[in-house]
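Worksheet for the structure shown next.
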Amino acid sequence: MSTNTELAAMFHTMATVLEISGANGFKVNANVKVARTLEDLVEDIATIEDVTTIQGIGKSSAAKIKEYIETGSMSGYDELISSIPNGLLAVMNVQGLGPKTVGKLWKEAGVVDIPSLKEAIEDGRLELLPRMGKKTIQNITESLAFLATHANRSRLGVAMPIALAFLEKLQQCKGVSNITYAGSLRRGKETIGDIDILASTDEPAILIKAFCEDKDVEKVLAKGETKCSIRVKKGMQIDLRVVDRKTFGAALLYFTGSKEHNIILRERAIDQDKKLNEYGLFESGSEVNDSSSTEEEIYSSLSLPWIPPEIREDRGELSCKKIPRLVEINDIRCDLHCHTTASDGQMSIQELAHHAIERGFHTIAVTDHSQSQGQANGLKADRLRKHIDAIREANENIEGITILAGTEVDIHPDGTLDYDDDLLAQLDIIVASPHSALNQSPDDATKRLIAAIEHPLVHIIGHPTGRIINKRKGLEPDIMALVSAAKEHSTALELNANYYRLDLKDTHVRAVCEGGALLAINTDAHRPEDFNQLQYGILTARRGWATPSNCINCLEHDKLLAWLRSKC
DNA sequence: GCCGTTTTCGGCCCGACTGTTTTCAGTCG
């Protein structure tokens, strides 16, 4: 684990312990903010001379961070953590249980962890506590069962189809004038906690009934006149919020978040003697809506440009002089990392080419696995030579697209490649990716990837960390060092659009773009439907503030080929 | 704990829903 990640986890833990202990809420929030800042930070915190220059990190936290970097421990941390039972932190993950209740469960019912919470429910101890009725205990029991069987957050590509399916059904309801998804899904986060749906309708009761009684609903968690929550059979929670048509824009802004972005907007409103909530922007003390029918109008009233949802994360978007024109799906003109039946793909070269033509691409790269990838039917040298011939022939015979002969060559743990240079030199495009030894040390990973970046024949580093979201951490290279080397050698770093990967991730993408290196957004398609994954890559790229000029997939045909040939 | 073009102290976003209690605390987003 990187120092940033370790420290972030410690600050999160401190915040939770403080919260259970009943500490000042603002102090709790300050610790959460430090944790979040550390999570977003791409540079190794240890390399930053004065961390108080980072917004949100003050003297106190800076001293703790410094001490941890220098000594490997943090004074006060162990004492704080040991002030509550270790297992109590897990109890905080139970839906419906917050710091006040968890503190009460501990002090008044002897609950110290999940098992003892279950015991306290079974032996009736919980019922003896004030404000702990049958219904509350039933809800806790159900939350415990849910927690035991489900991961906390779903991958973006899991949540999106569920949301779209619900939208399609709900917009059929009588009276619905506006319906969309908001929340972290609209912001395109790599994982989604729950799906937020926002609607305006003349017939709220009909919509709410349809929502709560849908065949995919497993449990109705809350049901009011304007707000309902359900859990669907696939395990995700969906919140529906019904608002007046006139306030849809304000509500969309509010429910898109992020929370941190909203807080700054509200503070900005207060500075202007106004009040912002989900119903609109109001002059102070007035019930008269300033202007709130669209998001654009609200931002404008706050003297701000409209900010794309993907960057509403309090990562500088509200102090930025000019919001760049972020990359869009229609800017993408080619896919430079795809597989065929030659290795582990399901499409022939011809099928791949036809799907690419359908998408309006001018170029498609055939990049099957290299020889070390036995389980993926990776190509030995002689098979690759024949494959190159087949690709060249297809390129001759198929009109309307350029088909590039390429490879996704393994980067060995020591940084060498899985084919000889002589063979690589025969190809049009070389994507080099790590597939093995994905738990090597950050130093080794950095050396390994930089060796590949510096290789004169390599065009793109594929899924640089090898992570699998919610499953595998992957490599933790020094991203700033990679970016610097990538810029120097004109090697692109990939944002693999597959929603299991999204590798590089959003903050890494931003480092690539700000560092002046090239970004490649590829689907790594193995099946025709994989081309649809591009949407997730685009969302992630936008979260990383990527513009078309950062991205080689946005180049016109001749410029792309010129860049490819510039490597020799 | 953090912050400051009202600066070193005083303030820090806002509202819906639930369950339990009868006027509201706690949780969630």
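Worth a mention:
- Residues of the stretch A:202-220 classified as of a type in the set (A, V, I, L, M), within 12 Å of DNA strand B (Cβ to nearest atom) and surrounded by 15 or more Cβ atoms within 10 Å (Cβ to Cβ), total: 1
Residue-by-condition table, conditions (1) within 13 Å of DNA strand B (Cβ to nearest atom); (2) not aliphatic (A, V, I, L, M):
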position	(1), (2)
A:ASN139	yes, yes
A:LEU167	no, no
A:GLN172	no, yes
A:GLY175	no, yes
A:ASN178	no, yes
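Yes/no per residue for (1) closer than 30 Å to A:LYS471 by Cβ; (2) assigned by TED's automatic domain parsing to the domain that holds A:HIS463; (3) touching a Ser or Thr at 6+ places or on another chain (Cβ under 6 Å):
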site: A:HIS337; (1), (2), (3): yes, yes, yes
site: A:SER372; (1), (2), (3): yes, yes, no
site: A:GLY378; (1), (2), (3): yes, yes, yes
site: A:ILE403; (1), (2), (3): no, yes, no
site: A:ASP422; (1), (2), (3): no, yes, no
site: A:ALA425; (1), (2), (3): no, yes, no
site: A:ALA432; (1), (2), (3): yes, yes, no
site: A:ARG448; (1), (2), (3): yes, yes, no
site: A:ALA451; (1), (2), (3): yes, yes, no
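- Criterion: closer than 30 Å to A:LYS219 by Cβ and among the aliphatic types (A, V, I, L, M) - qualifying residue of A:LEU281, A:LEU318, A:LEU240, A:LEU302: A:LEU240
- Answer residue from the stretch A:99-118, given it is of a type in the set (Gly, Ala, Ser) and touching a residue at least 24 places away in the same chain (Cβ under 8 Å) and is farthest from DNA strand B (Cβ to nearest atom) among those: A:SER116
- Residue in the stretch A:150-157 that is touching a residue at least 40 places away in the same chain (Cβ under 8 Å) and within 12 Å of DNA strand B (Cβ to nearest atom) present: yes
- Complete set of residues in the stretch A:221-254 that are of a type in the set (Asp, Glu) and either more than 10 Å from DNA strand B (Cβ to nearest atom) or surrounded by 21 or more Cβ atoms within 10 Å (Cβ to Cβ) (or both): A:ASP244
- When A:ARG467, A:ARG565, A:ARG542 are checked against the criterion of being closer than 21 Å to A:CYS338 by Cβ, of a type in the set (Lys, Arg) and surrounded by 16 or more Cβ atoms within 10 Å (Cβ to Cβ), a single residue qualifies: A:ARG467.
- Looking only at the stretch A:143-158, residues that are open to solvent by less than 90 Å² (accessible area, probe 1.4 Å), not in a helix (DSSP H, G or I) and not aliphatic (A, V, I, L, M) come to 4 in all.
- Unique match (being in contact with a helix residue (DSSP H, G or I) (Cβ under 6 Å, 6 or more places away or on another chain), at negative phi, away from DNA strand B (no atom under 12 Å from the Cβ) and in contact (Cβ under 8 Å) with a residue 24 or more places away in the chain) among A:LEU129, A:LEU89: A:LEU89
- Once the stretch A:63-73 is narrowed to residues that are of a type in the set (A, V, I, L, M, F, W, C) and within 14 Å of DNA strand B (Cβ to nearest atom), the residue that is most open to solvent (accessible area, probe 1.4 Å) is A:ALA63.
- Selection count where residues are within 22 Å of A:VAL158 (Cβ to Cβ) and over 17 Å from the mean Cα position of the chain (by Cα), scope the stretch A:486-530: 7
Let's see how each residue does on (1) open to solvent by less than 20 Å² (accessible area, probe 1.4 Å); (2) assigned to a helix (DSSP H, G or I); (3) in contact with a Pro (Cβ under 7 Å, 6 or more places away or on another chain):
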residue	(1), (2), (3)
A:LEU105	yes, yes, no
A:PRO130	no, no, no
A:THR141	no, yes, no
A:MET160	yes, yes, no
A:GLN172	no, no, no
A:LEU185	yes, yes, no
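- Looking only at residues in the stretch A:45-62 that are part of a loop (DSSP other than H, G, I, E, B), in contact (Cβ under 8 Å) with a residue 12 or more places away in the chain and open to solvent by less than 70 Å² (accessible area, probe 1.4 Å), the one that is nearest to DNA strand B (Cβ to nearest atom) is A:GLY58.
- So A:GLY516, is it open to solvent by 30 Å² or more (accessible area, probe 1.4 Å), assigned by TED's automatic domain parsing to the domain that holds A:GLY466 and in contact with a Lys or Arg (Cβ under 7 Å, 6 or more places away or on another chain): yes
- Screening the stretch A:6-34 for residues that are open to solvent by less than 30 Å² (accessible area, probe 1.4 Å) and within 11 Å of DNA strand B (Cβ to nearest atom) and picking the one that is farthest from A:GLU79 (Cα to Cα) gives A:VAL34.
- Of all residues in the stretch A:350-387 being basic (Lys, Arg) and in contact (Cβ under 8 Å) with a residue 12 or more places away in the chain, the one that is surrounded by the most Cβ atoms within 10 Å (Cβ to Cβ): A:ARG359
- Unique residue being surrounded by fewer than 24 Cβ atoms within 10 Å (Cβ to Cβ), at pLDDT 95 or above and assigned by TED's automatic domain parsing to the domain that holds A:ILE401 when the list is A:PRO528, A:PRO548: A:PRO548
- Criterion: more than 16 Å from A:THR523 (Cα to Cα), of a type in the set (Asp, Glu) and modelled with pLDDT under 95 - qualifying residue of A:ASP382, A:ASP389: A:ASP382
- Any hit, the stretch A:16-24, residues being among the hydrophobic types (A, V, I, L, M, F, W, C), without any contact (Cβ under 8 Å) to a residue 12 or more places away in the chain and under 30 Å from A:ILE140 (Cβ atoms): yes
- Looking only at the stretch A:74-86, and only at residues there that are part of a loop (DSSP other than H, G, I, E, B), of a type outside the set (S, T, N, Q) and more than 10 Å from DNA strand B (Cβ to nearest atom), the one that is most open to solvent (accessible area, probe 1.4 Å): A:PRO85
The values are calculated or read from the model by the stated rules, or taken from the named source; none is laboratory data. Bear in mind that the values here come from a model prediction, so they are computed numbers and not experimental data. As a convention, Cβ positions derive from the backbone with ideal geometry for all residues, glycine included, and neighbour counts pool all protein chains shown. Remember, those area values only see protein heavy atoms, side chains included, never the ligands or the DNA or RNA. Shrake-Rupley method; radii C 1.70, N 1.55, O 1.52, S 1.80 Å.
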